[in-house]
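First the structure, in the form of C-alpha cells, and then the observations on it.
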Amino acid sequence: MQLVYTEGVSVSGQQTLQADEFKRHLRDSLERETRNSRAIKIARHDNVYTAGEPSETIYFIESGQIKLVIFSMEGREGLLSIHSEGDIFGEMCLTGSVPRIDTATAMEATTLKQVSCSPNSWSVYATIRW
C-alpha cells in the first residue's frame, strides 16, 4: 500500500480517498445549505477570521481565493493551503477545534457563503456517516 504524506501526517491511500470523499460530501451539503444564504463579500487582503477566534463557521467559496496561514512565534507566516471557487474551509470546527489555529485571508475579492458549525443548524450531520 502506498503512503501519502499530507499536511505533516503519513496516511494510506485508502485514508486519503476517505478524506476526499468526506470533503466532497461536505461540499455538496454546504452548497445545498447555502443556496438561500446571503453572500458575504471579502475585499482583497481582508481576513475572514484570525487565529484565536472561536471556530463556529464553515465557509463555501462562490468566487475568489482564500489562503490559510499560521504564524510562528517569531511572526513568520506559514502557508497551509489556498482555496478557490467551490472549495470549503473552516471545517475544523466539526472536530471541536476551538479556537481557530489558522488565519484565513482573501487573496483577491472573494464571495463566501457561511454555515454555522452547530449540528442543529444544518443537515450534513444527518447525511454523512463515517
Handout entry: Pick from region 68-99, criterion acidic (Asp, Glu) and out of contact with any Phe, Trp or Tyr (no Cβ under 7 Å at 6 or more places or on another chain), ranking: modelled with the lowest pLDDT
Key = Glu91
Practice task
Under 6 Å between Cβ atoms, at least 6 apart or on separate chains: pull out the pairs that start in region 59-78 with a residue that is more than 15 Å from Lys41 (Cα to Cα) and charged (D, E, K, R) and end on any residue that is in a strand (DSSP E or B) and modelled with pLDDT of 95 or more.
Solution key: Lys67/Ile82; Lys67/Thr105; Glu77/Val69
Practice task
Restricting attention to region 65-94, report how many residues are in a loop (DSSP other than H, G, I, E, B) and farther than 21 Å from Arg32 by Cβ.
Solution key: 5
Handout entry: Filtered residues of region 28-69 (kept if of a type in the set (A, V, I, L, M, F, W, C), farther than 19 Å from Val115 by Cβ and under 14 Å from the mean Cα position of the chain (by Cα))
Key = Ala51, Val69
Practice task
Evaluate region 108-128: report whether one residue or more is at pLDDT below 90, in contact with a His (Cβ under 8 Å, 6 or more places away or on another chain), exposed (fewer than 14 other Cβ atoms within 10 Å of the Cβ) and in a helix (DSSP H, G or I).
Solution key: yes
Practice task
Among the residues of region 42-82, write down those that are closer than 15 Å to Glu108 by Cβ, loosely packed, with under 13 Cβ neighbours inside 10 Å and basic (Lys, Arg).
Solution key: Arg44
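The values are calculated or read from the model by the stated rules, or taken from the named source; none is laboratory data. In this text the structure is predicted, and so the values were computed from the model without any measurement. All Cβ positions, even for glycine, are placed from backbone atoms using ideal geometry, and neighbour counts span all protein chains on display.
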